[in-house]
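What follows is a short report on a single structure.
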Amino acid sequence: MDELEERKQWVRQHLERAHSLPTLPVVIARVIGMVDRPQTSSRQLGDEIAKDQVLTAKVLKLVNSGFYGFSRPISTITHAVTMLGFDAVKGLVLGCSALEDMEEALPGLWEHSLACARTCAFIAEHRRMGEVEELSVSGLLHDLGKVVLYQGFAQQFYQVRSLVETGDLLFYEAENEVLGAHHGLVGGWLLEKWTLPAKLVAPVSDHHDFRPHRSHAEWTAVVHLADVLCRAEALGNGGDRKVPQLQPAALKLLDLGLEDIRRIMERLDAELDDIPRM
Ligand SMILES: [Fe+2]
Ligand SMILES: [Fe+2]
């Protein structure tokens, strides 16, 4: 095993030991269990989330933030569950609980994640894809691994940050160098452990390493493109100053040309004006 592979294994083992993972609050763990049981109804799931007022407020705020562009405000969790579906709600609940630490890890990362989620929806709508809500949850969670690394590997995380500042590296390149694994993989491992469906996990794992032959490549391509567009527009802050390179294979798979990108960018400009540019 070469040194890089060894470090990668080490990161994974470290993450697998439950205590080094961000802890899942009891209510979230219960919600996840319920989503995975086929006999759960929207009402039961809504009632369970509603027991936690702080979580309820956060989820409703997110749902009504322009995230999904519903024409009328959604005022109850049960309504949100009915509109969005179980897996999207599960992702949102996870996002709200895990990503609130983002501000501490990397200022601007929450805004970057939100912008990416909404851009995923713009791309999906432009291409008339289905399951827009779930796809945008993948966008919301795409950089979750950065929070995990901050929480579980603080020392290495600072090393990564200083490498990014002094070297000419992108965040994920510096992570590969220091840890042998980047935040995409790390976030994907965590979401897998939290039993999110593969179609939501794959775009998170692969958003910096797009390969057209992999499973769920279409969704990965959307998240990859959304991430790059948000970085190019400086919406929020992904942690580094350089913009990752757009993979031509992703555009090819999505069958998008320059004119399509221009129109999607127009929507970013018009509709994401509530997200700070950093
Ligand atoms: Fe990323
Ligand atoms: Fe990102």
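Here, each number is a calculation from the coordinates, and none is a lab measurement. For clarity, every value in this text was computed on a predicted model and none was experimentally measured. Methodologically, a virtual Cβ is constructed for each residue, glycine included, from the backbone with ideal geometry; neighbour enumeration extends over all protein chains shown.
Considering only Cα atoms, the convex hull volume of segment 135-225 works out to 92 Å³ per residue.
At a Cα cut-off below 18 Å, give the aspartates and glutamates reachable from K252, other chains included and same-chain residues fewer than 8 away excluded. List returned: E125, D206, D209, E218, D227, D260.
At R0 = 35 Å, how high is the FRET efficiency between A198 and S162 if r is their beta carbon distance? Nearest 0.05 is fine. The partial results should precede the final answer.
On the way: r = 35 Å, r/R0 = 1.00.
Given R0 = 35 Å and the Cβ-Cβ separation, E is 0.50.
Here is the P(r) of the chain: all C-alpha pair distances, binned every 10 Å from 0, give 7, 30, 37, 21, 5, 0 in whole percents.
What separates the Cα centres of segment 80-95 and segment 160-196 is a distance of 26 Å.
Listing H213, H142 from fewest to most neighbouring C-beta atoms within 10 Å gives H213, H142. Computed extension length for E5-L258: 87.3 nm, one decimal, from 0.36 nm per residue of separation with the Cα-Cα distance subtracted.
Per-residue Cβ neighbour counts within 10 Å put T220, T56, T166, T195 in the sequence T166, T195, T56, T220, beginning with the fewest. Full extension of the chain between A29 and H126 gives 31.4 nm of extra length, using 0.36 nm per residue less the Cα-Cα distance.
Place a +1 charge on the Cβ of each Lys and Arg in segment 3-271 and a -1 charge on the Cβ of each Asp and Glu, then give the dipole magnitude about the Cα centre in debye, rounded to the nearest 20.
Working: 28 positive and 37 negative charges, 129 e Å.
Roughly 620 debye for segment 3-271.
Assuming charge only on the beta carbon of Lys and Arg (+1) and of Asp and Glu (-1), the dipole of segment 136-193 about its Cα centre is about 240 debye to the nearest 20.
Please get the size of the charge dipole for segment 218-278, origin at its Cα centre, with Cβ charges of +1 on Lys and Arg and -1 on Asp and Glu, quoted in debye to the nearest 20. Spell out each step's value before the answer.
Details: 8 positive and 12 negative charges, 62 e Å.
The dipole magnitude comes to about 300 debye.
Just grab the label-to-label distance for M278 and Q39, each label 7 Å out from Cα along the Cβ direction, in nm (one decimal). About 4.6 nm separates the two model spin labels.
Between A181, L268, L254, the Cα set farthest toward the positive side of the dipole of segment 154-278 (charges on each charged residue's Cβ, about the Cα centre) is that of A181.
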